[in-house]
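A short worksheet on the structure shown next.
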Amino acid sequence: MTTYISAEESETRSLAGSLAAAVGPGDVIALVGELGSGKTRFAAGLACGLGVEEVVSSPSFVMMREYHSGLVPFIHVDAYRVRSHLEFEDLDVWERARDCVLVIEWADLVAMDLPEDRLDVLISPDDSGGRTIVLEPRGTWRNRSLPDPI
Ligand SMILES: Nc1ncnc2c1ncn2[C@@H]1O[C@H](COP(=O)(O)OP(=O)(O)O)[C@@H](O)[C@H]1O
Ligand SMILES: [Mg+2]
């Protein structure tokens, strides 16, 4: 587990961007944090680091969005929009994401569906208006090297 302090949006984006060097096809990044904590900013920073050209915003109404302009196909899921376990299964996320980098916002809402091998990212606002960001590698992710704390 590694803890980072992000004083502003750009720091969250660059932390996420620096993670791009450590991710590849089949990787799952599970984002957890309250509304407005910075999950979408984190997803956008990672996408940017992977060379995705489009601006990554909240997938909101579509639940899942795919981007193919980067080094690796990138899938962004917003589990907040998923109404049920069955609906999540219908998205066929795991099959579709096999050769992609997959980022899931509100991953705690689909906790039982998450693979053992993943990077958990917990974002929480701190007292000074910044964010505490905890990277928690699970399973084989433990063997990876993660960015140094800022
Ligand atoms: N250190 C920070 N990291 C990320 N976002 C921040 C930070 N400080 C302030 N913000 C603001 O918080 C909001 C985060 O929004 P967003 O990424 O959409 O959150 P979420 O997807 O978790 O609901 C943005 O308005 C952003 O400018
Ligand atoms: Mg969001």
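Descriptive notes on the structure:
- The chain shape via C-alpha gyration tensor axes, a/c threshold 1.5: rounded
- Electrostatic bookkeeping for R96 treats Lys and Arg as +1 and Asp and Glu as -1; over the other residues with beta carbon under 13 Å from its beta carbon, the sum is -4.
- Looking at region 2-141 alone, DSSP beta bridges between its own residues are antiparallel in about 55 percent of cases.
- Positive-end residue, the chain charge dipole about Cα centroid, Cβ charges, pick of P149, P137, M64: P149
- Between region 1-35 and region 72-150, the Cα center-to-center distance that results, in Å: 10 Å
- Per-residue ellipticity at 222 nm from helix content only, as computed over the chain with -39500 (n - 2.57) for each DSSP H run of at least four residues, stands at -6000 deg cm²/dmol.
- Compared with the dominant Cα axis of the chain, that is its longest principal axis, helix 39-49 is turned about 90°.
- Helix 9-19 and the longest principal axis of the C-alpha atoms of the chain enclose an angle of approximately 70°.
- Charging the Cβ of each Asp and Glu at -1 and of each Lys and Arg at +1, and nothing else, the dipole of region 23-80 about its Cα centre rounds to 100 debye.
- Mean Cβ count within 10 Å, highest first, over the residues of peptides 138-148, 96-106: 96-106, 138-148
Bear in mind these aren't lab numbers, they're just calculated from the coordinates by the rules spelled out. This is a predicted model, so every value here is computed, not measured. Glycine gets a Cβ as well: all are built from the backbone with ideal geometry, and neighbour counts include every protein chain shown.
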